[in-house]
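Okay, structure first, notes after.
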Amino acid sequence: MYTLHYTFLCILLLTTFSGGSAQTLSPEESQKLREELALMKKDPSVWKAYKERNALRSQELESKKKVLEQTQQKLDELLDKLDFQEILRDSLQKLHLVWLRKTRNIRYNLVFRVQVAGYKSHPIDRFHRISPMFMYDITPGGVKCYLLGHFYHYGEAYKFKDILRMMGSEAFVVGFKDGKRLKTLGSWIKN
């Protein structure tokens with residue numbers, strides 16, 4: 001049996017180290033290889049030790065391949081989690097910005113109302129306490145400005161104003177911050 005393995009090894013080594021496309025050995029390497037083959041031929045225990053070393057190396061290589069595959073799999077899982085976390089973080093940032101934009105007026109105590117008329121005195125004055133949706137604001141000149149609605153978003157108040165205009169009113173949107181009328185709406189209308 002050792003003779004068969006020895007012969008196979010010799011053929012393998014000769015075909016590996018000879019031929020046009022294989023690497024060429026220097027004379028010193030060829031001599032060293034011949035000496036190793038002669039030693040293996042004389043002592044089968046050297047051949048057996050060689051085979052055992054190769055078997056151990058193959059086992060180590062397989063073990064390292066498994067560890068590498070497991071590590072690659074864990075790395076892929078971590079990268080997937082990282083991708084998911086980045087997507088989640090980006091989504092949360094966008095949601096937070098939307099929330100900030102939508103709740104800005106509430107946090108700043110800003111309300112939009114629609115002014116429908118302004119009189120010094122009008123019989124409708126007696127209804128102003130019936131609903132918080134109907135009120136009036138008195139200007140420094142003593143004019144009562146009749147207001148409808150209570151909107152935290154300019155767009156909602158604007159739509160309500162359009163409805164009132166279709167009914168024939170000269171309505172327009174006004175803003176109140178902390179209960180005081182704003183002279184101009186400026187950047188408050190961008191929500």
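The values are calculated or read from the model by the stated rules, or taken from the named source; none is laboratory data. Remember, predicted model here, so these are calculated numbers, not experimental data. So basically every Cβ, Gly included, is an ideal-geometry build from the backbone, and we count neighbours across all protein chains shown.
Looking only at region 33-53, decide whether some residue is of a type in the set (A, V, I, L, M), in a helix (DSSP H, G or I), surrounded by 10 or more Cβ atoms within 10 Å (Cβ to Cβ) and at pLDDT 85 or above. Spell out how you get there, then give the answer.
Applying the first criterion (of a type in the set (A, V, I, L, M)) to region 33-53 yields 33, 37-40, 46, 49.
Those left that are additionally in a helix (DSSP H, G or I): 33, 37-40, 46, 49.
Filter once more, so that each one left must be surrounded by 10 or more Cβ atoms within 10 Å (Cβ to Cβ): 33, 37-40, 46, 49.
Imposing the further condition that a residue be at pLDDT 85 or above reduces the set to none.
Within region 33-53, not a single residue is of a type in the set (A, V, I, L, M), in a helix (DSSP H, G or I), surrounded by 10 or more Cβ atoms within 10 Å (Cβ to Cβ) and at pLDDT 85 or above.
What pairs come out if I take residues in region 25-41 that are farther than 20 Å from Glu52 by Cβ and pair them with residues that are among the aliphatic types (A, V, I, L, M) and part of a loop (DSSP other than H, G, I, E, B) whose C-beta lies under 8 Å away, six or more apart or interchain?
Hits for this filter: Leu33/Leu25.
Could you identify the single residue in Leu110, Leu68 that is under 30 Å from Val174 (Cα atoms) and surrounded by 10 or more Cβ atoms within 10 Å (Cβ to Cβ)? Talk me through it step by step, then tell me what you get.
Working: Leu68 fails: under 30 Å from Val174 (Cα atoms).
None of the other options fit; the residue is Leu110.
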